[in-house]
Amino acid sequence: MRDPRKEGALWVDGLALAHPTSIIVVGVGLGYHLFELVDRYPGLHVTALDGKCELQESFPEELREEFAKRSSRLKAIFGLRDVCEFALHPTTASVVRFRAACFDFENEIFEDLLGQAGPLFGRRAAMAGYDFSKALAAIPENLAVNIKSLDPDRLEADSREAKLVRVLRELVR
Amino acid sequence: MKTLVLSLLRLGDFFQQLPLLTALKDSGDEVHVLVNDSLRPVAPLFPEFEFHFFPREILQGVLTDSSKSTLGAIHQLRVFVDDLNANRFETVENWTHNFLSARLMDLLDAGVKKGARFQAGRLERDKSGTYMNETWGPSGAASFHWIDALALSMGRAFPEIPRVDGHRSGPVLLQVLTSDSKKNWRLGNWKKLANWLRREEEDVRVLCAPFEKETLIREGFAPETLAACDLAGLCDLLGRAKVLVSGDTSVLHLASHLRAPSLGIFLGSADPRKTAPRALGSKVLWADAGCSPCSHRNPCSQAHHVCGEKMSLQTVQDEVAHMMRKDPQPQLHSPAVRLLEGTKTPSGAFALRDSRQDAVVMWSQLIWEFYLNRDHDGAVAPYGSAAHAIIRGWGGEKSLRAWSEALKERLELSFRLLEDFSESLWTAMRDFNLEESLSTASETRMREVSSRLSVLWRDTDFATRLVESNLSSDASPFVRLRGRKEALQEVYELFTVQRNLIRVIDQELKERSAQHGARA
């Protein structure tokens, strides 16, 4: 039997945050991981993003109350359009992704915002109604990673990711 | 066949590649070209090709801005590649030959891939690709024009060479600035040339980019002569031009495509053997300052612009007058300036006509074609027909015999030097096996030998790879040794091809002499 509170706590343990002040969490799930974050770090402000509007609508009353109790330091944004709107504003907050193992679904917003299948990139930017180059310019610096410090040899040798990183490294050589 | 060509270089390089792209199109391929996003303005001028634009500047902007996410660049590149692969190309050819393009090839899907490419982490290059990178690139005496070398490396026939249209009565165009100050002829000379042309009642236009206009006005050029136009406007002017006089720029190469008669002024790092305007009847004035051509990457190494100073106004003026009015060919005022004219060899490659070098160029090209074409399925001319081509194109059996004797002596000496090099190389490899370091004596000897070979073959590029292999700065001694071994193998084969061909030529000449004797 799964215990979502325990899973949330374990997830926060795994983050190993050091003196965080502001964090963006992609994936709301049932919210227990968010409550754990806010409770464990008294000064921390958390913004949670989730592309699924229906999630918010399906919250039981007790969960809504848990959110409300922490509303001064916990904010949740639902729906792709609102998430994209949020993402257009530069931020220096760290971004982490929550995978809701108990419900076994992928939260695609992390990938959508920051990598693999981004609605803010390429054709999907046009579909979302945003200007591509503006969206690209506004993507937050959420990982202190310079392309030169990404070592493609640490990725699987023939993986797509390794090949992509190698091309990009040539651009800044 | 749906073919994608990677042409991730500059505007002038794309213009030079047009004959090869056209040949591809004429062979029935649906031709797609991947260019940098900065070349977008070019696309409407060539609707026969399908263009794709590599977002180089956007990606570089993201990667070098610390407020932007690196993951954004990774994702954007992924989407770009997915979109490109959705075209389902049957063949992808890399005409760029640098590490960026080779890495990009690894991401592209196609049944056939040609040119430099990474595969499973290793750089794959066939013999022709190796020639491009390790001989042609560093060579100071290239045997082929870039486009012909590229055609060879792709296993394609040399593309057609357009002939300049010498019957035009349009403006005389001057392209006075290049992308590199060491390639520029003094602006004062250009002004005087423009003024002289106006006195000759010619319609003179000084070409420039819009951002260059103010600079040229400050330098004293008459504003009414300045033509700051976009690409479409430039094409219109070049399509009507009586003559274009230009430094080594993209405008010169566009002029070749549009068959405008051109006179290139090649200074600094500009090397006409590699990048002359590729048209029959195009002309180049090349100043030889001993240090020419110099390195692209470094500034001029001299205290003053020696090659530019040797290019006198009178020399340029006389040649322009000859081209415009069909005056008799003038004598060159400066012995340090060579006048070269675009022509075609019997095998269809481009060459610059200069009586000092014609025969050497023809020979070098033939030898390289022999050596490189073994990689491809196309027919390789047997030694017999190659010998006939040489005898036909030489201009006299007596001079061919004399040259053949001199070449045989040179080859004999070269083979002895190669044995010497080989011995030193094996010693070095043995020492490396035993001690994991290279012996200084072997290294020194190999450098001496390759230096001697370089002098012996200074008018060709046969020894370039061997010389370059001694200059490698690769950290691994093993890699350096392997490079020398491969270079030694190549130069040995090149000399062997020459020896075999000379034997057939000698035999043919003997038989002809015997036949003449019998008839007498």
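The values are calculated or read from the model by the stated rules, or taken from the named source; none is laboratory data. The structure presented is a predicted model; accordingly, all values stated were derived computationally and were not measured. A quick note on method: Cβ atoms are made from the backbone with ideal geometry, for glycine too, and the neighbour counts reach across all protein chains shown. Please note that ligands, DNA and RNA were not included when accessible areas were found on the heavy atoms of the full protein model with its side chains. Shrake-Rupley method; radii C 1.70, N 1.55, O 1.52, S 1.80 Å.
Some points to look at:
- For B:Glu48: the one exception among (1) surrounded by 18 or more Cβ atoms within 10 Å (Cβ to Cβ); (2) away from chain A (no Cβ under 13 Å); (3) part of a loop (DSSP other than H, G, I, E, B): (1)
Results for (1) under 28 Å from B:Asp358 (Cβ atoms); (2) among the aliphatic types (A, V, I, L, M); (3) touching a Gly at 6+ places or on another chain (Cβ under 6 Å), shown as yes or no for each residue.
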| position | (1), (2), (3) |
| --- | --- |
| B:Arg447 | no, no, no |
| B:Ser451 | yes, no, no |
| B:Asp461 | yes, no, no |
| B:Leu471 | no, yes, no |
| B:Ser476 | no, no, no |
| B:Leu481 | no, yes, no |
| B:Leu488 | no, yes, no |
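- Only one entry of B:His32, B:His75 meets the criterion of being within 24 Å of the chain's Cα centre (by Cα) and not aromatic (Phe, Trp, Tyr), and that entry is B:His32.
- Unmet criterion (only one of (1) of a type outside the set (Lys, Arg); (2) within 14 Å of chain A (Cβ to nearest Cβ); (3) farther than 25 Å from B:Ala463 by Cβ; (4) open to solvent by less than 10 Å² (accessible area, probe 1.4 Å)) for B:Val172: (2)
- Of the strands (runs of 3 or more DSSP E) lying entirely inside region B:99-145, the ones with 2 or more residues being away from chain A (no Cβ under 11 Å), out of contact with any Pro (no Cβ under 9 Å at 6 or more places or on another chain) and at pLDDT 90 or above are found at B:112-114.
- Scanning region B:85-97 turns up one or more residues that are in contact with a Gly (Cβ under 9 Å, 6 or more places away or on another chain), among the hydroxyl-bearing types (Ser, Thr, Tyr) and part of a loop (DSSP other than H, G, I, E, B).
- In region B:65-88, the count of residues that are in contact with a strand residue (DSSP E or B) (Cβ under 9 Å, 6 or more places away or on another chain) and more than 12 Å from chain A (Cβ to nearest Cβ) is one or more.
- Residue count for region B:192-216 under the criterion of being open to solvent by 60 Å² or more (accessible area, probe 1.4 Å) and assigned to a helix (DSSP H, G or I): the result is 8.
- Residue identified as assigned to a helix (DSSP H, G or I), at pLDDT 85 or above and of a type in the set (D, E, K, R) among B:Arg430, B:Arg452: B:Arg452
- For region B:390-423, a residue qualifies if it is open to solvent by less than 60 Å² (accessible area, probe 1.4 Å), under 15 Å from B:Arg512 (Cβ atoms) and of a type in the set (D, E, K, R), and exactly one does: B:Glu397.
- Selection within region B:310-336 - over 22 Å from B:Glu200 (Cβ atoms) and within 25 Å of the chain's Cα centre (by Cα): B:Lys310, B:Pro335, B:Ala336
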